[in-house]
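Structure first, commentary second.
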Amino acid sequence: MKTPMLFTLVSFTQLLLITILPLASADLIDDTCKKMPDVDSCIAILRSDPRSSTADTPTLGLISVDTADSNAEVTLDEIKDLLGKSPDSKTKQALTSCEASYGNIRSSLVPPSRESFTKGDYKFAVQYMNDAANTAAVCEAGFGGPKSPIYDANMFERNAGLLASAIASSLL
Amino acid sequence: MAEPYPSRSPVDQEDPGYAPLAGGEEPRDHRRPIRAILAVGLSVLLVVGIVIGFSTDTSPDVCAEVNSARLEPFLLGGAGQRSVPVKTVVRPVPRGVNEGVSAKSNRVFAGANLRGFPWNNSMLSWQRTAYHFQPEKNWMNDPNGPMYYKGWYHFFYQYNPDAAVWGNIVWGHAVSEDLIHWLYLPLAMVADQWYDINGVWSGSATVLPDGQVMMLYTGSSNESQQLQNLAYPANLSDPLLIDWVKHPGNPILAPPQCIDKLDFRDPTTAWYTSGGKWRFAVGAKINKTGVSFVYETEDFKSYKLLPGLLHAVPGTGMWECVDFFPVSDDGLDTSVNGPGVKHVMKVSLDDDRHDYYAIGTYNEEANTWVPDSPEIDVGIGIRYDYGIFYASKTFYDQNKSRRILWGWITESDSEYADVQKGWASLQALPRTIVLDTKTGSNLLQWPVEEVDSLRLSSKEFDSVEVEAGTVVPLDVETATQVDIVAEFELDKQALEAAPEADADYVCSASGGASQRSALGPFGLLVLADDDLSEQTPVYFYVVKGPNGTLKTSICTDQSRSSVATDVHKQVYGSFVPVLEGEKLSLRILVDHSIVETFAQGGRSCITARVYPTKAIYGAARVFLFNNATEANVKASLKIWQMNSAFIRPYSPQ
């Protein structure tokens, strides 16, 4: 007679934990995002990643860095495509410059930012991810017009970079 | 590596986190005994886990103290829960390019022109310094374990062997006989143990009276926990101390129970107490209160966490690179103590990347330090340097009985340029530190006297009149490696006639050298080209306060130092005490992309990084300038050309 009760107790505890944990982290996303300059962008970026439901704050930061990295990867492909379509010389110059700077985001800004979040020396992610955001803004400005052919990509990169930087800042 | 990323077009999303869960109905099962065993086993594991968790608490005293009423007001509780409505759009609506970057950005771009500058190799290679310590390539940060040992000054540093950005940190090593002519040695420590596999982080050297060297340092472990470790030279009779051994008993310290495993690092040099034990400090934080713990050891084999905290200051955040040492008008060994001896507490604040110090009194028995002036306590008062200067560390030089300060000077340009040029970061020139006995309330820093040995030819300018609103060229050869010592005197009539200012002057909030008033700014323009299209003003700004008192600021203005837009454009500086009868005095050391300024004998210091594109090589000049509206200024100065230190790899003769 004791066994079914014990089993029910353990099962109930398990269920309770399974129910509470994601809710606890969902509250963490809300808590984190409400401190951010762009709340909507923060929530959209974080909730898009399945890891976020059980993530702690440094992991939310890592998710933002990964978002910046994935977006940079996709953007590099888009740039390559656009360059292959024989654009005019001004656009070509801007695209080439963006290609170099997005490559730099992936090779030089993302790795130390990841290391910064996983190892707890957050000030480096604050700086490097802020610079990734700036890089996207500079890339956009390089086209000269109101909206470049990679406007969405640049805005997304800027938001991901600013989010990662702000999360790192909140951990200092 | 990167998983395929969700499309950026709006997508209807259901958040799995909020989906209601199915009820917990258990299927009937005939294997009841196994289920019972499993259930009991799991519960036992749970209980055992909880017991282990509580029993690894090795520091109940300290953490109890930490949770006591003394710190309670400063330990902020969590904010109330409030849920935010979830939008279904994945890609957020952009707000526009030129809205600017986040408020916490430490990057200041000129106007709305955000273009990256097309740096070429000539401009980039000019940026390398001639007589400041920097490795041959790649990234450097904190100074580590500086010491004097058997005829050599040793310098270690945080180093990335793989890139010109931070990461993969190991210990670089260099030696010098005179703190100037450095010779690179092989890496002293690499990340090869589980307890430092994720980073061989900062630490300090303690030289024992019997000649042993104890190097305490922080390792980032395989689980990213910050642990303290011990290393020592493999061979004490090798004066170059090339090989190092990690103590088999490492790690020696884990974070106290109330401290996060990521907030515990940078052990200091140890000091010897009257009780015959060695003590050292480690910085940490509790919520937003920066704190310092103290450990005690007799033999560097077993360690005891002392109860209480050496010191804590609410609101200052994580305390990195804590330094703790006695001061007087002369250098003092780290272990000196006694009635009337003042101790300096110094912290590097993670929150704002600045180094702060305060002067106070150490009570060895109570293991506490108390600032002389709590309103300028450590972290909220005086800084070592009002420009770029972080993670600094002092050591006692027994060779010349002086205390010497090292500081990490990071770049103020873009990482893209750093990667292009293949390196990032410098060390400041080593500085002596003494107590300013004239004011009693601040330290004096001055480049070590060995810097003077780099001086080559010089030119002297005596009593040059610089009228209000004028610029005077100084006829020296090219001015990319110079040492300038200058004195200024303001016209007495203008001083008396000047009106009282309605507000304090703050360098960083000012318009820099182009913001004029009756009594300033005036000083020097360094790394300036002939038509002043690029210039770095270093200047005094004097305002009259109530009762005719004068308040002087010293500033370095980066805003027009380069036509490039992807470099910092800030004005650094601070108020500097000027005592009765003192002239305004400056020493400026220019070494390519670094400008180090010392005002009033080192009462206020400013280190700036500048990246001119035109005022480089033979085109770099020096000017006197006076942008005041009323006062004329008389300047006397001497300018030396500085030799290179020829920093290179060590090779046996």
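Which entries in A:Lys119/B:Lys285; A:Lys119/B:Lys342; B:Lys261/B:Lys569; B:Lys137/B:Lys638 show an alpha-carbon gap greater than 26 Å? Pairs exceeding 26 Å: A:Lys119/B:Lys342; B:Lys261/B:Lys569; B:Lys137/B:Lys638. For GluC sites (Glu not before Pro), the sites in region B:307-404 that DSSP calls loop and that have at most 11 other Cβ atoms within 10 Å are B:Glu365.
Taking R0 as 30 Å, what FRET efficiency do you get between B:Ala501 and B:Ser458 from their Cβ-Cβ distance, rounded to the nearest 0.05?
Approximately 0.20, to the nearest 0.05.
Taking amide H as placed 1.01 Å from N in the peptide plane, the amide H of B:Thr470 sits under 5 Å from that of B:Asn626, each at least 5 places away or on another chain.
Applying the Karplus relation 6.51 cos²θ - 1.76 cosθ + 1.60 with θ = phi - 60° to region B:200-208 yields 3J(HN,Hα) values of 8, 8, 6, x, 9, 9, 10, 8, 7 Hz, where x marks Gly and Pro. Annotation: aspartates and glutamates with alpha-carbon distance below 13 angstrom to B:Lys634 (same-chain offsets under eight excluded): B:Asp462, B:Glu465, B:Glu467, B:Glu487, B:Glu489, B:Asp491. With a 10 Å cut-off around each Cβ of A:28-40, the average count of Cβ atoms from other chains is 4. A helix-only calculation puts chain A at -27000 deg cm²/dmol for mean residue ellipticity at 222 nm, using -39500 (n - 2.57) for each DSSP H run of at least four residues, averaged over all residues. From the square roots a ≥ b ≥ c of the eigenvalues of the alpha-carbon gyration tensor of region B:456-643, which class results: rounded (a/c under 1.5), prolate (a/b over b/c), or oblate? Because a/c hits 1.5 or more and a/b exceeds b/c, region B:456-643 counts as prolate.
Averaged over the residues of A:152-163, the number of partner chain Cβ atoms lying within 10 Å of the residue Cβ comes to 3. Residue by residue, region B:234-248 carries 3J(HN,Hα) couplings of 5, 9, 5, 8, 8, x, 7, 6, 6, 9, 10, 10, 8, 4, x Hz when phi is fed to the Karplus relation 6.51 cos²θ - 1.76 cosθ + 1.60 (θ = phi - 60°); x denotes Gly or Pro. Karplus-derived 3J(HN,Hα) values for region B:567-574, using 6.51 cos²θ - 1.76 cosθ + 1.60 with θ = phi - 60°, are 10, 5, 10, 9, 10, 9, x, 6 Hz; glycine and proline are entered as x. Across peptide A:136-147, the average count of Cβ atoms from other chains found within 10 Å of a residue's Cβ is 4. Report note on the peptides B:636-648, B:589-601: ranked by the mean count of other C-beta atoms within 10 Å, highest first, their order is B:589-601, B:636-648.
With a Förster radius of 51 Å applied to the C-beta separation of B:Glu177 and B:Ser514, the computed FRET efficiency comes to 0.70.
What are the chymotrypsin sites (Phe, Trp or Tyr not before Pro) within region B:178-208 that DSSP puts in a loop, where the Cβ has at most 15 other Cβ atoms within 10 Å?
Taking region B:178-208 and a limit of 15 other Cβ atoms within 10 Å, the loop chymotrypsin sites (Phe, Trp or Tyr not before Pro) found are B:Trp194.
Within region B:576-625, none of the trypsin sites (Lys or Arg not before Pro) combine a DSSP coil assignment with at most 10 other C-beta atoms in a 10 angstrom radius. If one computes the Cα centroid of region A:31-55 and of region B:623-653, what distance in Å separates the two points? Region A:31-55 and region B:623-653 have Cα centres spaced 51 Å from each other. Beyond 26 Å in Cα-Cα separation lie the following of the pairs A:Lys85/B:Lys421; A:Lys123/B:Lys421; B:Lys459/B:Lys492; B:Lys277/B:Lys346: A:Lys85/B:Lys421; B:Lys459/B:Lys492. Relative to its Kirkwood radius, the Cα radius of gyration of region B:140-447 gives an Rg/Rh of 0.93.
By the Cβ distance rule of under 4.7 Å, the protein assembly as shown has these cysteines without a partner: B:Cys321, B:Cys605. Note on A:Lys90: aspartates and glutamates with a C-alpha under 20 Å away, same-chain residues under 8 apart excluded, are A:Asp77, A:Glu78, A:Asp81, A:Glu99, A:Glu140, A:Asp152.
Here B:Asp210 and B:Glu136 are evaluated by their C-beta separation; at R0 = 41 Å the FRET efficiency comes out at 0.70.
Computed from the coordinates by the stated procedures, all read-outs in this text should not be read as laboratory data. Every value quoted in this text rests on a predicted model; they were computed, and no experiment measured them. With ideal geometry, Cβ positions are generated from the backbone for all residues, glycine too; neighbour counts draw on all protein chains shown.
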